[in-house]
Amino acid sequence: MSETEPKPEAQAPRRSRWPALIRLGLGMSFLLALPIGGWFLLPRLELAHLAADRAAAALGREVTITSLRVTPGWNMRVELRGLSIANTEGGTRPEMVRLEALTVEFDLTELVTANPRLRLAEVVGLSILLEHIAERGPNWHFGMARTGPAVPLDRSRFPLFERITITGSEIIFRTSGGLVLPTRLDTVSLASEDPQAPMMLRAEGSYNALPITLEGSLGSVLALRDMASPFSLDLSGTAGETGLELIGSAADPLNFDGVQGRLVLRAPNPAGLLALGGAGAQGVPNLPLELAGTLDRQGDVWRLTALDGALADAPLTGSLLQLTEGARGQPDALVMDLAFSKLDMNALLFAGGHGQEGDADLPLALVIAPDPLIEARLAAGELHYGRLHARDARLHVILLPGQLRVESLAMQAFGARISGSGMLEPVEDEVQVRLDLALQEGELDPLRRALGIRELPLSGRIEGRLSVTGRGKTLNAASRQAHVSAVLAMSGGTIAREVVEMATTDVRSLFRTARGRVRLSCAIGVLDMRAGVGEIAPLRVRSANGTIQGLASFDLHRQQLDLVIGSQRSTTAATALDIPVRVSGRFSEPEILPAQWSGSGRARLAAGDQVAPLTPALRNFAQRSPCYSAGAR
């Protein structure tokens, strides 16, 4: 080759492409291995801390979780252990919620769909404490304090499911007054075969230590998601011997709010019913109760209207039974309006062990801070209590802290229409009773028969006003020791003629027996009695034949009477001797003799209406009678 010829260019050595392909393949393999590796590593990952932090931020409370793991597969499995949600400051225990275990399974193929379905959800060892905390309100209100009506929970994304079970769990409710009402959930099952099929509920456990069962048919899961339509409820439950049925609907079923429907209660033994309310059964009569009505719950107000049922064999009706849950730190309020065809208090009290030797006795007990407060309107076509047999009885009472106000009392009894009002207040370990009563349109004969007095020579209409004050642990004890001031008056009627002539000591009575009756213009008696022993002064009867006045002392326990009557000289005929007469002895068989009176006794008889102090209402009533006067005439 010539030196002038150009030399061929040197060629670079050829590089192999395999290392680059290997690197690319390794890189792609690494990227592909990340999810695959994560898939297999996922069961080893502990997600508890991350989940607890996010839950605490959402609730505004401290949240701890012992373990949270996810097991991948066609049936994805999530297992949570040791959940705790802190209570509000001032609560009776540190945690509001405690949970031992939660297991959830769902189909992986449905995870990417809009409506993934849970195949199974198992809850074990759940404990929830619901309580009202002073100055903070309900502990189930998370975040900032709420005002105004409760907002329904969003149900539009409630998960589809096949079966949810709860075992070994409890819900404890503590009222604002400190009453603890525990609900034990031994087994709870909620099953749904199809999103459009009804959900079937079955639960067993106890409420306030009373065994309970609950079962029924609910609306479908899709119906639960529909916020615009009421959710149907068809439930029946038992608590001991007590049975409860509800057929209706709820606007907010997760809060059991906006509930409307027909409620039926059957309680063969009221002890179980009282246990449901957290009350004791001591002294409660074992009488069956049936009650049905229209239930309406809106927020804090539970209302039962259009009531009908029976207590023992006595039918009852009612227009209202309403419970209003108390606001923060306040007691609940119960309002009732019930009517009985017949109310036999003797049977009720004897069955409850109140009374002895055939004498029923109503216990009296008041507390300084009752919960709930009660306003009751009760009516009875027939009422029986002791010797009282009344018709058309009505009672309106209000139970307030430290007192029971008798707003009104009315009945037909002892041949008269009786009405009044009063107050009951605790005094040491007893209850003081104060009543102001009016007796109207009364007939004297039925009244004297009720008191066990022999036939009287008087007849006609009688009216009266009474002021009663008593104190005791029972109604009978308070009445036995009561102080009674009363004014009884007649503005017509008749009196036996022989009584007038005897009282005036008319000489004509020595030669004949007077026949017939004399019309009365008026009559009045002012009574002052303590513990069944008292006096009537003045006692005055006025007729065309003269005015008779007298003084009487009596003892209801011994059935003894001592009455001295005499005529007012200026009102009698010329034949009257005006010698006082004494009637004394037992009510049923008194003796009638000329009175042996001292000068002071005669002076008192003639002194007029110098009586024990009367209340303004009693004095005003007495002064309306023509027979009442400030001095003798």
### Within the stretch 190-275, chymotrypsin sites (Phe, Trp or Tyr not before Pro) in DSSP loop having at most 12 other beta-carbon neighbours inside 10 Å
256
### Message
Let me understand the stretch 359-475 better: what is its radius of gyration from the alpha carbons, and its Dmax, in angstrom?
### Response
15.9, 54
#### Entry: Protection proxy ranking of 76-86, 296-306 - average other beta-carbon atoms within 10 Å, highest first
76-86, 296-306
### Within the stretch 296-413: Cβ-based charge dipole about Cα centre, in debye rounded to nearest 20 (Lys, Arg +1; Asp, Glu -1)
220
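What net charge do the residues around residue 306 carry, taking every other residue with its C-beta under 11 Å from that of residue 306, with Lys and Arg at +1 and Asp and Glu at -1?
0
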### Query
For the stretch 531-548, in order, what is each residue's ³J(HN,Hα) by Karplus, 6.51 cos²θ - 1.76 cosθ + 1.60 with θ = phi - 60°, in whole Hz (x at glycine and Pro)?
6, x, 10, x, 9, 10, 7, x, 10, 9, 10, 10, 9, 5, 8, x, 10, 10
## Note on the structure
the stretch 296-413: spread of alpha-carbon positions along the three principal axes, whole Å, largest first, is 47, 33, 25
### Message
Net charge within 11 Å of residue 342 by Cβ-Cβ distance, Lys/Arg positive one each and Asp/Glu negative one each, not counting residue 342 itself?
### Response
-2
### Message
How big is the stretch 62-101 along each principal axis, measuring the range of its Cα positions in Å and listing the largest first?
### Response
46, 13, 11
### For residue 364, distant residues with modelled amide H under 5 Å away
474, 475
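Every number here is computed from the coordinates shown, using simple stated rules; none is lab data. What you are looking at is a predicted structure, and each value in this text was computed from that prediction instead of being measured. Positions of Cβ are generated from backbone atoms using ideal geometry, with glycine treated the same way; all protein chains shown enter the neighbour counts.
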